[in-house]
Amino acid sequence: MRIILASGSQTRRGIMDSLKIKYNVIKSGVDETCDISDPVLYVEELSRRKALDVSKKVGKGDYIILAADTIIFKDGKKYEKPKSVKQAFENLKELSGSTNIAVTGVTLIDNRLDNVVTFSESTKVTFNNITDDDLKFYIDHHPDILNNAGYTLEGIMSLFLAKLDGDYYNVLGLPLGKIYATLNKMGYSLKDLD
């Protein structure tokens, strides 16, 4: 079975590359706007839309479609991909010195059996207080700032991390442990994914 990653995210590709599993990338073309207010249902719905879109593109075959959507959530507010550097700064300023929750929705589709499984994972992330100068430095030196769901824990941002409660990879956009456990329940092991 070949995995098809339904994402253009460089971070997700980097995670997949580290697994040494063969995969292809086919980016979904669906509209990523959704008016669901519950963060868990929101990311699950978007991941499902992405996976179904790519599944239709590739048709029947020995493929497992993997789609994900991640948001940051704090005090009833969703933090998605910032639309500008200014918005990125404002988002990070609000997240400084507090705890937020990274929520990732994942959909796996076994295209051979038309088996669709959707789930989510949540991770609590607590940051120390971050000075304006440090936030500006981070934004200036993080080229993909507008492509992330508010932030990434890789590199400079890891210096500001006070506590992490949950799956580190979930914050990056792919909760690997839960994805693999779900693939096992679907009947697949590592040898099947080569």
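The values are calculated or read from the model by the stated rules, or taken from the named source; none is laboratory data. Nothing here was measured: the structure is a model prediction, and the numbers come from that model. Positions of Cβ are generated from backbone atoms using ideal geometry, with glycine treated the same way; all protein chains shown enter the neighbour counts.
Let me confirm something: among Lys86, Lys78, which residue is over 23 Å from Asn115 (Cβ atoms), loosely packed, with under 13 Cβ neighbours inside 10 Å and modelled with pLDDT under 95? I'd like the intermediate steps shown before the answer.
Values: Lys78 fails: loosely packed, with under 13 Cβ neighbours inside 10 Å.
Only one candidate passes the filter, namely Lys86.
The set of residues in region 54-76 being more than 20 Å from Thr11 (Cβ to Cβ) and among the charged types (D, E, K, R) consists of Lys56, Lys57, Lys60, Asp62, Lys74, Asp75.
May I ask you to verify whether Lys60 is assigned to a loop (DSSP other than H, G, I, E, B), more than 19 Å from Ile109 (Cα to Cα) and more than 17 Å from the chain's Cα centre (by Cα)?
On the way: assigned to a loop (DSSP other than H, G, I, E, B): yes; more than 19 Å from Ile109 (Cα to Cα): no; more than 17 Å from the chain's Cα centre (by Cα): yes.
It is false that Lys60 is assigned to a loop (DSSP other than H, G, I, E, B), more than 19 Å from Ile109 (Cα to Cα) and more than 17 Å from the chain's Cα centre (by Cα).
Within region 24-60, restricting attention to residues that are over 28 Å from Lys124 (Cα atoms) and touching a residue at least 40 places away in the same chain (Cβ under 8 Å), the residue that is surrounded by the most Cβ atoms within 10 Å (Cβ to Cβ) is Val54. If the condition is being β-branched (Val, Ile, Thr), farther than 21 Å from Asp110 by Cα and either part of a loop (DSSP other than H, G, I, E, B) or in contact with a strand residue (DSSP E or B) (Cβ under 8 Å, 6 or more places away or on another chain) (or both), then region 1-46 contributes Thr33, Ile36, Val40.
Could you count how many residues in region 79-107 are basic (Lys, Arg) and not in a helix (DSSP H, G or I)? Count: 2.
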